[in-house]
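Before any comments, here is the structure.
The values are calculated or read from the model by the stated rules, or taken from the named source; none is laboratory data. This structure is a prediction, so every number in the text was calculated from the model and none was measured. Cβ placement follows ideal geometry from the backbone for every residue including glycine, while neighbour counts extend to all protein chains displayed. Quick note on the areas: whole protein, heavy atoms, side chains included, nothing else; ligands and nucleic acids left out. Shrake-Rupley method; radii C 1.70, N 1.55, O 1.52, S 1.80 Å.
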Amino acid sequence: MKKELLPKFKEALEEEKTKLENELSTFATKDASIENNWDAKHVNREDTDMEEKADEVTEYDNLLSLEHTLELKLKDVVSALEKIEKGGYGVCEKCGKEIEEKRLKVCPEGRLCMKCKE
Ligand SMILES: [Zn+2]
């Protein structure tokens, strides 16, 4: 890949990282002991009736899966940023070939080339 493209991808990844962290921090707390690990806050209200409680549980389940999705994406973004620093960015983790530029433009944190992704 062309070297002059790296700063552009780095910028996009850093933006994405900030966005993901902001999104996560609205409903989850960062786990201080494990790097890049987040825990969804569990809203606990005692003065609710059963029906509302059930709603809360569903809501919490949704938050957990959202938290999981965002956390996984954040991990990919962080690891892509590390690769930009240390080298090896834009190389498919499966076949070792370069990941297509057009794919990285859409998804700069991508770890696999288009062929391996399919
Ligand atoms: Zn590949």
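Count of segment 104-116 residues, restricted to those that are farther than 19 Å from Glu82 by Cβ and without any contact (Cβ under 8 Å) to a residue 12 or more places away in the chain, is 2. In a residue-by-residue description of segment 97-104, the property of being under 30 Å from Lys115 (Cα atoms), within 16 Å of the ligand (Cβ to nearest atom), at pLDDT 85 or above and exposed (fewer than 11 other Cβ atoms within 10 Å of the Cβ) applies to at least one position. Only a single item in (1) modelled with pLDDT under 90; (2) under 30 Å from Pro7 (Cβ atoms); (3) among the hydrophobic types (A, V, I, L, M, F, W, C) is not met by Val77, and it is number (1). Looking across segment 78-88, just one residue is more than 17 Å from the chain's Cα centre (by Cα), away from the ligand (no atom under 14 Å from the Cβ) and open to solvent by less than 80 Å² (accessible area, probe 1.4 Å), and that is Gly87. Among the residues of segment 105-118, the ones that are among the basic types (Lys, Arg) and either more than 10 Å from the ligand (Cβ to nearest atom) or open to solvent by less than 60 Å² (accessible area, probe 1.4 Å) (or both) come to 1 in all.
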